[in-house]
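To start, the structure under review is shown below, and the notes come after it.
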């Protein structure tokens with residue numbers, strides 16, 4: 001049963017302002033290498049590059065995984081990639097920019113959406129029995145550089161929601177943040193990974209093999225991951241154009 005109609009989504013998004021300028025167009029033909037930007041917002045500019053419509057929706061609705069989006073199979077078709085650059089005032093909050101992105105997608109793809117609960121395999125992230133070990137970020141401290149290697153994730157100034165998104169990408173399924181932790185943290189996580197698409201991290205301690213990701217989250221961060229298959233809210237694409245309206 002639907003929990004919210006497209007009309008309700010449209011009303012919520014209608015409160016958002018429009019971008020000062022926006023470009024939404026099919027991505028040019030790619031060679032052997034495709035550089036993908038799944039969505040960034042910096043200094044008033046939203047950028048998505050070589051993204052499917054599903055990936056655009058994931059960014060606009062701030063979802064942790066594409067598994068929270070349902071609809072026709074073509075919304076994930078990599079032959080239908082788009083590039084988006086949209087600009088607004090640099091002081092616009094991220095939440096407002098995401099609402100503006102929702103409006104932009106609805107306008108350019110003539111979308112109709114609704115939300116509904118759907119049983120989806122996912123992981124719930126909670127605080128472990130011994131308490132959180134997440135190191136808090138402090139504004140005046142000097143942050144070491146971010147690192148993203150195979151088996152190593154060092155990121156500064158991250159909310160728990162963003163951390164859940166990062167875990168979702170590693171584990172290839174939604175990770176729902178139920179920790180109740182607020183604020184920002186410096187994530188320091190090392191685990192055994194065999195992902196060939198990411199460069200291997202230099203071994204911190206060659207004499208101690210790193211744990212798997214589930215164990216690493218528990219041991220190093222004081223958090224717990226538990227597999228579930230209960231209904232979570234998904235966004236359903238009822239209809240959309242495959243090619244966006246021209247700029």
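The values are calculated or read from the model by the stated rules, or taken from the named source; none is laboratory data. Predicted model, so just to flag it, every value in this text is computed and none were measured. Cβ: placed from backbone, ideal geometry, glycine included. Neighbour counts: every protein chain shown.
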Restricting attention to strands (runs of 3 or more DSSP E) lying wholly within region 3-121, give those where 1 or more residues are crowded, with 18+ Cβ neighbours inside 10 Å and at pLDDT 95 or above. 21-26, 45-51, 82-87
Checked region 134-143 for anything in contact (Cβ under 8 Å) with a residue 40 or more places away in the chain and surrounded by fewer than 16 Cβ atoms within 10 Å (Cβ to Cβ); matches are 135, 136, 143
Among the residues of region 203-223, are any under 22 Å from the mean Cα position of the chain (by Cα), modelled with pLDDT of 95 or more, surrounded by 14 or more Cβ atoms within 10 Å (Cβ to Cβ) and assigned to a strand (DSSP E or B)? yes
Under 6 Å by Cβ, and 6 or more places apart or on different chains, what pairs join a residue from region 198-226 that is over 26 Å from residue 177 (Cα atoms) with one that is assigned to a loop (DSSP other than H, G, I, E, B) and modelled with pLDDT of 65 or more? 201/151
With 179, 162, 126 as the choices, which residue is surrounded by 15 or more Cβ atoms within 10 Å (Cβ to Cβ) and within 16 Å of the chain's Cα centre (by Cα)? 162
Filter region 144-156 down to residues that are surrounded by 15 or more Cβ atoms within 10 Å (Cβ to Cβ) and out of contact with any helix residue (DSSP H, G or I) (no Cβ under 9 Å at 6 or more places or on another chain), then give me how many there are. 5
